[in-house]
């Protein structure tokens, strides 16, 4: 994937993470996609399982905002360095992390999310 295509894809995809729209977000994923993040380390295989997870995740975080800091394209898709603004009980915290994203036919086939969740979990517990 070239840089321009990866940037265009990221702008569309990352905006779908805001506003509790899991049905919009899941359209970026292939039917047999794999998704994992720090709270779902073993991950989910298949669009239906991922959608079930996204419904809970986005319902709990309807106002978070994700943006790209850096995109590193590769032959399978791209590596994304991102910034997330996450409201937690009236306060906004900022997290940084990285995704490995593999794309085939303009659909994500693999999405692995990595970030240190300690600060986020601490803020949630103390709120």
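The values are calculated or read from the model by the stated rules, or taken from the named source; none is laboratory data. Since this is a predicted model, take the numbers as computed values, not measurements. Counting neighbours? That spans all protein chains shown, and the Cβs are built from the backbone with ideal geometry, glycine included.
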The lone condition residue 77 fails out of (1) touching a residue at least 40 places away in the same chain (Cβ under 8 Å); (2) buried (at least 16 other Cβ atoms within 10 Å of the Cβ); (3) under 18 Å from residue 18 (Cβ atoms) is (3)
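Suppose the filter is more than 17 Å from residue 66 (Cα to Cα) and not in a strand (DSSP E or B); does residue 5 pass it? Quick ask: steps written out before the conclusion?
Working: more than 17 Å from residue 66 (Cα to Cα): yes; not in a strand (DSSP E or B): yes.
Yes; evaluated as a whole, the condition is true for this residue.
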So, first residue within 18 Å of residue 58 (Cα to Cα) in region 36-47, second residue part of a loop (DSSP other than H, G, I, E, B), Cβ within less than 6 Å, six or more apart or across chains; the pairs are 38/117
Checked region 10-33 for anything touching a helix residue (DSSP H, G or I) at 6+ places or on another chain (Cβ under 8 Å) and within 17 Å of residue 76 (Cβ to Cβ); matches are 13, 28, 29, 30, 32, 33
Out of the residues in region 45-66 that are more than 15 Å from residue 101 (Cβ to Cβ) and part of a strand (DSSP E or B), which is modelled with the highest pLDDT?
45
The lone exception for residue 100 - which of (1) touching a helix residue (DSSP H, G or I) at 6+ places or on another chain (Cβ under 9 Å); (2) free of Cβ contacts under 8 Å to residues at least 60 places away in the same chain; (3) more than 20 Å from residue 18 (Cβ to Cβ) it fails:
(1)
The lone exception for residue 44 - which of (1) more than 16 Å from the chain's Cα centre (by Cα); (2) buried (at least 18 other Cβ atoms within 10 Å of the Cβ) it fails
(1)
Of everything in region 75-90, what is more than 26 Å from residue 4 (Cα to Cα) and assigned to a loop (DSSP other than H, G, I, E, B)? Give them in sequence order.
89, 90
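Is it the case that residue 25 is crowded, with 18+ Cβ neighbours inside 10 Å, free of Cβ contacts under 8 Å to residues at least 60 places away in the same chain, at negative phi and outside any loop (DSSP other than H, G, I, E, B)?
Numbers: crowded, with 18+ Cβ neighbours inside 10 Å: yes; free of Cβ contacts under 8 Å to residues at least 60 places away in the same chain: yes; at negative phi: yes; outside any loop (DSSP other than H, G, I, E, B): yes.
Yes: the conditions hold for residue 25.
Can we say residue 56 is exposed (fewer than 14 other Cβ atoms within 10 Å of the Cβ) and without any contact (Cβ under 8 Å) to a residue 60 or more places away in the chain? Full working, then the answer.
Details: exposed (fewer than 14 other Cβ atoms within 10 Å of the Cβ): yes; without any contact (Cβ under 8 Å) to a residue 60 or more places away in the chain: yes.
Spelling it out, residue 56 is indeed exposed (fewer than 14 other Cβ atoms within 10 Å of the Cβ) and without any contact (Cβ under 8 Å) to a residue 60 or more places away in the chain.
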State which residue pairs qualify: first residue without any contact (Cβ under 8 Å) to a residue 60 or more places away in the chain and inside region 1-21, second residue part of a loop (DSSP other than H, G, I, E, B) and surrounded by fewer than 18 Cβ atoms within 10 Å (Cβ to Cβ) in any location, beta carbons under 6 Å apart, and separation of 6 or more residues or different chains.
20/62
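Every residue, every condition in (1) surrounded by 15 or more Cβ atoms within 10 Å (Cβ to Cβ); (2) within 25 Å of residue 6 (Cα to Cα), yes or no:
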| position | (1), (2) |
| --- | --- |
| 52 | no, no |
| 63 | no, yes |
| 92 | no, no |
| 100 | yes, yes |
| 111 | yes, yes |
| 116 | no, yes |
| 122 | no, no |
